[in-house]
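The values are calculated or read from the model by the stated rules, or taken from the named source; none is laboratory data. Nothing here was measured: the structure is a model prediction, and the numbers come from that model. So basically every Cβ, Gly included, is an ideal-geometry build from the backbone, and we count neighbours across all protein chains shown. Note: accessible area is taken over every heavy atom of the protein model, side chains too, but ligands, DNA and RNA are not part of it. Shrake-Rupley method; radii C 1.70, N 1.55, O 1.52, S 1.80 Å.
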Amino acid sequence: MTTNDPKIVMTGIVRLSYLNCWEPKSIQGSKPKYSASIIIPKTDTDTLNKIQAAIDAAIKEGVGKFGGKIPPKGALKLPLRDGDIERDDEAYQGAMFVNANSTTQPGIVDANVQPIIERSEMYSGVYARVTLSFYAFNTNGNKGVACGLRNIQKIRDGEPLGGRVSAEAEFTPFTDPFATPAGGDDFLS
């Protein structure tokens, strides 16, 4: 990715959770948006440093939204959060995360940059690289930096998140005790 915009970040390999990349969803009556929670391993310092730099650039560019002065970071809502502190979920342990959304559908490609059109290929739990954009906001007294979801490149499958279990994993072969034996009479006929 070649961009000179310091507010745009391409992540390393991350895990996607709460993935809504096919249909926009409305939260509490808000405008429907595509969204994902981007789980970033704390060991991926390159991605985390790029995100911090993008947040700083968004704050600097958004100074007009903050009344002409750059407020202290502690006074702003910031998108990068600590999974060990804020989530009681094993998938978020040892990770930071950002919640990203967009009113336009993200582009979705596979590791070979071929479009993914099969919806079952994308689910909460896949590993991917993601492009994100960061921007300042000041809405109804809430000031901060938000994260926009741009595009997704699926790298590999992962264990589905959210407690979803496949039918194959949940069931065992079933033998009907009332089934008609081969060549036998069916008591219903």
Acute angle (nearest 10 degrees) that the helix 45-61 long axis makes with the longest principal axis of the chain, alpha-carbon atoms:
50 degrees
With a 1.4 angstrom probe the carbon and sulfur portion of accessible area for region 2-54, in percent, totals 53 percent
For region 87-125, run through the GluC sites (Glu not before Pro) and keep only the ones in DSSP coil with at most 16 other Cβ atoms within 10 Å of their Cβ.
GLU118
Any lysines with Cα under 22 Å of the LYS25 Cα? List them, leaving off those in the same chain fewer than 8 positions away.
LYS33, LYS154
Once you've got the GNM for the chain with C-alpha springs shorter than 10 Å, pick whichever of THR104, THR43, THR11 has the biggest mean-square fluctuation.
THR43
Quick one: which residues, 5+ away or cross-chain, put their amide H under 5 Å from the amide H of TYR18? H built at 1.01 Å from N.
SER37
Region 92-155 versus region 54-85: alpha-carbon centroid distance in Å
19 Å
Output the relative contact order of region 123-164, whole-number percent, from Cα pairs under 8 angstrom with separation of 6+ residues.
51 percent
Mind grabbing the accessible area of LEU78 for me, 1.4 Å probe, Å², rounded to tens?
60 Å²
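Leaving out ligands, DNA and RNA, what percent of the accessible area of region 64-126 is carbon and sulfur, probe 1.4 Å?
Percent of accessible area from carbon and sulfur atoms in region 64-126: 49.
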Roughly how many Å² is the accessible area per residue of the chain, as a whole number, for a 1.4 Å probe?
63 Å²
Explain nothing, just the number: relative contact order of the chain, from Cα pairs under 8 Å at least 6 residues apart, as a whole percent.
26 percent
From the phi angles alone, apply the Karplus equation (6.51, -1.76, 1.60; θ = phi - 60°) to region 72-80 and give each ³J(HN,Hα) in whole Hz, x where the residue is Gly or Pro.
x, 4, x, 8, 10, 7, 10, x, 7
Full extension between SER30 and ASP46 adds, at 0.36 nm per residue less the Cα distance, a length in nm of 2.4 nm
Cross-link partners among lysines for LYS50, C-alpha distance below 16 Å, same-chain residues fewer than 8 apart left out?
LYS7, LYS42, LYS60
